[in-house]
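The values are calculated or read from the model by the stated rules, or taken from the named source; none is laboratory data. Fair warning: this is a prediction, and the values are worked out from it, not measured in the lab. Glycine also receives a Cβ, built like all others from the backbone with ideal geometry; neighbour counts cover every protein chain displayed. SASA here: full protein model, heavy atoms, side chains in, ligands and nucleic acids out. Shrake-Rupley method; radii C 1.70, N 1.55, O 1.52, S 1.80 Å.
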Amino acid sequence: MATSGTTTFNLSVDELIVEAYERNAVTSPTGLQLRSARRSLNLLLADLNNRDLHLFKRAQTTFNTVASTTSYTLAGSILDVSDMTIFSDGTTGSEISVSRLTQSEYTALPNKSNEARPSQYYLDRERDAPILFLFTTPDKVYKVNYFAYNRIEDVGDYTNTIDVPVKFLPAVTTGLAFMLSEKLPTLDTARTALYKARYDEEVLRVIQEDEERTSLYLTPNLAGTGFETRGG
């Protein structure tokens, strides 16, 4: 028998909400229930942001430093950054890795106002937007590259599709069914517990699938203790 030949299946917001309600034996949700479900769906996507830094929300980003300027406010949608490099000759030359510091390590650095090519950074993850601190302070314009992990977009209109790959839909639908089951007048605690367990299981499964396909090597750090890791 012939197959469809297509791989375009997705669910709009309203279809996802209806599916989640049907799992709770609600076949005709009211307008109030639809609005409530959309609010719950936004909260569910926020929960997904908390559970991992997703590869599908990673994007390479570039900016130019300003001479004598230490800190830079990044976009409010950015949750975290990784793999930062800087051009050796300002905006040209080879790319040199910039290592990350913890808050304690950055605070302990002396002479933060010294100016040269930055070799380290600290990310202050503020409420409204993260602030990037470079050390040392740039002495001229440098081109900086990094990968930004961004927030999942808000749900928006009912006709939208949500900002996750299709492989996340089973987990999102089960998670929404769990959240809606808590709101129904006749609360079925057994059903709620079942959906909660299934949601956790499906989220873990899709997060484990949403990872880079590289080997991991552990090399003894002879200069200190522990191991250094690298992909390959």
Counted residues in region 1-13 being more than 24 Å from the chain's Cα centre (by Cα) and either in contact (Cβ under 8 Å) with a residue 40 or more places away in the chain or open to solvent by less than 90 Å² (accessible area, probe 1.4 Å) (or both) come to 2
Within region 14-25, residues being in contact with a helix residue (DSSP H, G or I) (Cβ under 7 Å, 6 or more places away or on another chain), under 15 Å from GLU182 (Cβ atoms) and open to solvent by 30 Å² or more (accessible area, probe 1.4 Å) number 1
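If only one of GLU182, GLU201, GLU153, GLU95 is surrounded by fewer than 17 Cβ atoms within 10 Å (Cβ to Cβ) and closer than 20 Å to PHE63 by Cα, which one is it?
Matching residue, one of GLU182, GLU201, GLU153, GLU95: GLU95.
One residue is enough: does region 28-40 have a residue meeting the conditions exposed (fewer than 15 other Cβ atoms within 10 Å of the Cβ), under 13 Å from MET179 (Cα atoms) and out of contact with any Ser or Thr (no Cβ under 6 Å at 6 or more places or on another chain)?
yes
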Here the qualifying pairs (Cβ atoms under 8 Å; residues six or more apart or on different chains; first in region 25-50 and closer than 30 Å to TYR149 by Cα and in a helix (DSSP H, G or I); second among the basic types (Lys, Arg) and open to solvent by 70 Å² or more (accessible area, probe 1.4 Å)) come out as SER36/LYS183; SER40/LYS183; ASN49/ARG151
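Looking at region 123-130, can you tell me whether even one residue there is among the aliphatic types (A, V, I, L, M), farther than 26 Å from ASN50 by Cβ, open to solvent by less than 20 Å² (accessible area, probe 1.4 Å) and touching a Pro at 6+ places or on another chain (Cβ under 7 Å)?
Kept after step one, since they are among the aliphatic types (A, V, I, L, M), are these residues of region 123-130: 123, 129.
Still in the running and farther than 26 Å from ASN50 by Cβ: none.
No, that holds for no residue.
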Restricting attention to region 56-74, the residues that are loosely packed, with under 13 Cβ neighbours inside 10 Å and either closer than 25 Å to GLU212 by Cα or of a type in the set (Asp, Glu) (or both) number exactly 3
Restricting region 75-87 to residues that are under 18 Å from the mean Cα position of the chain (by Cα) and of a type in the set (A, V, I, L, M, F, W, C), the one surrounded by the most Cβ atoms within 10 Å (Cβ to Cβ) turns out to be MET84
